[in-house]
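*Asks:* Take a look at the following structure, please.
Just so it is clear, none of the values below were taken in a lab; they were calculated from the coordinates. Please read these numbers as outputs of a predicted model, since none were measured by experiment. Neighbour counts run over all protein chains shown; Cβ positions are idealised from the backbone, glycine included.
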Amino acid sequence: MKNKLNEIEHIVVVMMENRSFDHMLGYLYSDKGNKSPLGHDFDGLTGKEFNLDKQGNKHPVFPITNKTSNPYFMPLADPGEGYSNTNSQLFSTIKEPNPITPAKMDGFVTNFDYTLGWQKKPNSGWKIIGNPTGKDIMGCYSPEMLPVLSTLAKEYAVSDAWFGSAPTETLPNRAFLHMSTSQGILSDKSQSVYTAKSIFHSLQAAGKTWACYGYDSDPLVRNLVADITHAQNSHFGDFAAFQQAAKEGTLANHVFLEPKWGPKGNSQHPNYDVSKGEQYMKQVYDAVRNSPCWDKTLLIITYDEHGGCYDHVSPPENAVNPEPGKIGQNNFNFQRFGPRVPTVLISPLIEAGTVIRAEGATPYDHTSINKTIQKRFGLDPLTERDKAAPCISDVLTLDKPRTDNPLEKITPPTSGDDTTLEDTPSHLQMVMAHNASQLPIQDEHENGEHHVCPDFKTGSDVMKYINDRHKHYFHDYYHHDYDYE
């Protein structure tokens with residue numbers, strides 16, 4: 001089958017936060033016997049999936065509907081994240097079995113119950129809505145609750161076999177997206193800046209263009225990926241700048257978009273308001289769909305990791321270690337993928353009702369995006385992982401671009417709840433603040449070496465601090481009119 005990758009000039013990637021495939025899209029085709037209109041098999045929920053609690057009680061999956069209490073804030077608390085919690089969810093033990101065996105995906109209820117146990121303690125600092133219990137982790141959204149994501153998945157393409165790059169939390173998986181490695185790191189706390197060569201560097205060296213956009217601030221990726229931190233300011237902007245570039249038809253060859261972080265944001269990190277993420281996706285789609293670049297654009301919406309949310313499919317054990325022979329944190333060899341995450345592929349060259357999986361034994365993961373960018377623009381692999389990754393170009397099958405607009409009459413939902421989360425600093429906001437504190441700004445001590453990141457009461461305070469330091473350093477202090485080599 002001949003694909004149309006060479007007709008794509010712009011690959012736009014949106015990475016949301018911490019939701020699993022079943023949790024967001026598992027019921028997508030449940031009313032059709034888990035088959036798409038094209039007859040493609042869909043590995044979704046049947047309703048028979050379940051987990052046991054510690055007492056041996058069975059807790060089946062259930063649809064999150066508008067009758068669910070606080071539905072857009074499910075699972076009402078932040079599930080356990082990271083390598084040990086993921087092992088607990090997959091294997092019912094914090095240590096992976098030795099020798100490794102396929103995951104039974106049977107520890108989600110017990111792990112969530114354990115997590116709630118310490119989050120509910122007085123002065124824990126964790127914000128919980130209502131009184132969730134372990135069984136709430138089995139809730140998965142009905143398509144009607146997510147009309148934007150579900151419509152895009154049905155009317156363009158969805159992958160039901162797209163896995164996180166590593167069975168752990170946010171930053172290592174985002175590092176894989178940008179660099180095809182986490183440099184052996186499995187923990188957000190272990191490393192907040194990654195120094196491997198990035199896909200942005202490869203594009204720059206080949207004379208191609210790239211841009212990264214936050215929502216209402218500079219994107220986290222600017223200080224997460226070391227080799228772009230000091231790239232020209234023109235590579236970075238907020239969401240309004242992205243919308244303007246789309247409107248003017250000046251989108252870069254590769255565009256990376258981040259949502260707004262924190263409890264008041266639209267990242268969809270549990271237990272934030274999922275409806276705000278729906279609104280954000282509609283904004284992104286409308287900007288691209290109405291752009292002069294539309295016919296030559298591939299838009300990818302994905303999630304960095306499963307965030308402790310339920311999925312029934314065991315992650316494959318055939319991942320290629322980015323650095324063969326190198327053992328990472330926790331003696332992990334990076335040969336197991338993380339759980340499935342929702343990934344939707346959008347282009348006027350994609351046939352409605354497409355369900356796509358990799359043809360070979362190696363499934364799609366975040367490095368498949370790098371592989372596709374490399375194939376399109378003639379770039380070399382970054383690591384052994386993306387060298388082995390399957391390309392997603394086979395999703396582009398139509399001879400002529402479609403002219404319909406599936407979201408034209410879709411209105412994004414609003415939570416409609418009185419529930420509001422306090423504007424407490426989020427984990428990723430604090431990572432951004434730490435990285436901003438390391439910028440060598442001449443301050444009260446005449447240099448940046450002794451600057452101490454202050455304590456913050458609100459997420460808004462964090463973002464003001466980050467934006468002020470970025471402005472002072474990147475726009476006022478650090479002047480440059482060249483790009484890195």
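*Asks:* Between K247 and T414, 0.36 nm times their residue separation minus their Cα-Cα distance comes to what?
*Replies:* Numbers: separation 167, 0.36 × 167 = 60.12 nm, distance 2.62 nm.
Gain on stretching K247 to T414: 57.5 nm.
*Asks:* Could you work out [θ]222 nm for the chain from helices alone, using -39500 (n - 2.57) per DSSP H run of at least four and dividing by all its residues? Round to the nearest 500 deg cm²/dmol. Display every interim value, and only then the final one.
*Replies:* Details: 13 runs with 122 residues, N = 485.
That comes out to -7000 deg cm²/dmol.
*Asks:* Additional query: Please list 3J(HN,Hα) in residue order for the stretch 423-433, calculated via the Karplus relation 6.51 cos²θ - 1.76 cosθ + 1.60 where θ = phi - 60°; whole Hz, with x for glycine and proline.
*Replies:* Along the stretch 423-433, the couplings run 7, 7, x, 8, 4, 6, 4, 5, 4, 4, 5 Hz.
*Asks:* For the stretch 175-193 and the stretch 94-124, what is the separation of their C-alpha centers, rounded to whole Å?
*Replies:* So the two Cα centres are separated by 22 Å.
*Asks:* If you count the DSSP beta bridges with both ends in the chain, what percent of them are antiparallel, to the nearest 5?
*Replies:* Details: 11 of 37 bridges.
Roughly 30 percent of the DSSP beta bridges within the chain come out antiparallel.
*Asks:* Given the Cα atoms of the chain, and with Rh set as the inverse mean 1/r over their pairs in the Kirkwood sense, what is Rg to Rh to two decimals?
*Replies:* On the way: Rg = 21.4 Å, Rh = 22.7 Å.
That ratio equals 0.94.
*Asks:* Ok, one more. Each residue of the stretch 338-355 in order: what ³J(HN,Hα) in whole Hz does its phi give by Karplus 6.51 cos²θ - 1.76 cosθ + 1.60, θ = phi - 60°, with x for Gly and Pro?
*Replies:* Per residue, the Karplus-derived 3J(HN,Hα) values read x, x, 4, 10, x, 9, 10, 10, 10, 6, x, 9, 10, 7, 4, x, 7, 10 Hz.
*Asks:* Beta carbons within 10 angstrom, averaged per residue: use that to sort the peptides 335-342, 239-246, highest first. Could the numbers behind the result be given before it?
*Replies:* Numbers: 335-342: 24.8, 239-246: 18.5.
Those peptides, ordered most packed to least, come out 335-342, 239-246.
*Asks:* May I ask for the net charge around T403, where only other residues with Cβ less than 11 Å from the Cβ of T403 are counted and Lys, Arg are +1 while Asp, Glu are -1?
*Replies:* Values: positive: R289, K400, R402; negative: D295, D404.
Taking every other residue near T403 into account, the sum is +1.
*Asks:* Below 8 Å between Cα atoms, with a sequence gap of 6+, how large is the relative contact order for the chain in percent? Each step should come with its number before you reach the end.
*Replies:* On the way: 1079 pairs, mean separation 116.5, N = 485.
It comes to 24 percent, rounded to a whole number.
*Asks:* Measure up K67/K260; K104/K135; K32/K400; K120/K282; K54/K104; K121/K464 against 24 Å on the Cα-Cα distance and list the ones that go over. Don't skip to the end; give the middle numbers.
*Replies:* Details: K67/K260 28 Å; K104/K135 17 Å; K32/K400 28 Å; K120/K282 35 Å; K54/K104 16 Å; K121/K464 31 Å.
Checking Cα-Cα distances, K67/K260; K32/K400; K120/K282; K121/K464 exceed 24 Å.
*Asks:* So what is the relative contact order for the stretch 34-104, in percent, with contacts set as C-alpha pairs under 8 Å and at least six apart? Could you put the intermediate results ahead of the total?
*Replies:* Working: 45 pairs, mean separation 9.1, N = 71.
Contact order relative to length: 13 percent.
*Asks:* While we're on this one: Tell me the net charge near N266. Cut-off is 12 Å between Cβ atoms, N266 excluded, with +1 for each Lys or Arg and -1 for each Asp or Glu.
*Replies:* On the way: positive: K260, K264, K276, K282; negative: E17, D216, E258, D273, E278.
Cβ neighbours under 12 Å give a net charge of -1.
*Asks:* Taking N as the number of residues in the stretch 1-80, what is its alpha-carbon radius of gyration divided by 2.2 N^0.38 Å?
*Replies:* Working: Rg = 17.6 Å, N = 80, 2.2 N^0.38 = 11.6 Å.
Taking the Cα Rg and dividing by 2.2 N^0.38 Å, one obtains 1.51.
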